Amino acid sequence: AETLIHAFVSSRLDYCNVLLSGLPNYAIRSLQLVQNAAVRLLTKTRKYDHITPVLSELLTPYTPARPLRSVDAALLVIPSINKKSLGFRSFAYRAPYLWNTLPLHVKEASSVENFKSRLKTHLYSLFYGLP
């Protein structure tokens with residue numbers, strides 16, 4: 001079942017990530033329902049159980065073997081990739097990778113609007129070389 005879901009659902013969502021990122025909420029909702037159904041099938045979660053805790057279990061926070069200075073950096077585990085050509089473009093790899101490259105003040109935003117504002121400022125400063 002996992003192979004089929006990855007072949008027919010996850011790979012298509014990963015493939016179209018760039019196109020899906022600007023869609024309005026009403027269009028993303030149907031895609032989110034498809035993804036939720038796939039997760040429910042994989043994890044054998046009942047239809048009326050909340051899916052958010054199940055989805056959050058799929059993202060693994062990074063916990064180092066020994067105490068490091070980056071212990072409070074809100075890092076995610078980057079999965080190992082077998083295929084060099086397409087694996088690095090998959091959402092499962094790119095999302096944690098890009099999240100880990102963000103500065104801590106952007107990741108610790110108190111709301112979605114605050115996060116968007118900080119992210120926009122950060123990307124603007126990267127593009128234009130501002131401090």
Any hit, segment 91-108, residues being hydroxyl-bearing (Ser, Thr, Tyr), within 14 Å of the chain's Cα centre (by Cα) and open to solvent by 50 Å² or more (accessible area, probe 1.4 Å):
yes
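Listed here are the residues, each with its yes/no results for (1) open to solvent by less than 60 Å² (accessible area, probe 1.4 Å); (2) at pLDDT 65 or above; (3) of a type in the set (Ser, Thr, Tyr).
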residue	(1), (2), (3)
11	yes, yes, yes
22	no, no, no
37	yes, yes, no
50	no, yes, no
70	yes, no, yes
88	no, yes, no
Out of all the residues in segment 92-131, which are of a type in the set (A, V, I, L, M, F, W, C) and touching a strand residue (DSSP E or B) at 6+ places or on another chain (Cβ under 8 Å)?
95, 99
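The values are calculated or read from the model by the stated rules, or taken from the named source; none is laboratory data. Since the structure is predicted, the reported quantities are computational estimates derived from the model, not experimental observations. So basically every Cβ, Gly included, is an ideal-geometry build from the backbone, and we count neighbours across all protein chains shown. Keep in mind that these areas ignore ligands, DNA and RNA; they rest on the heavy atoms of the full protein, side chains included. Shrake-Rupley method; radii C 1.70, N 1.55, O 1.52, S 1.80 Å.
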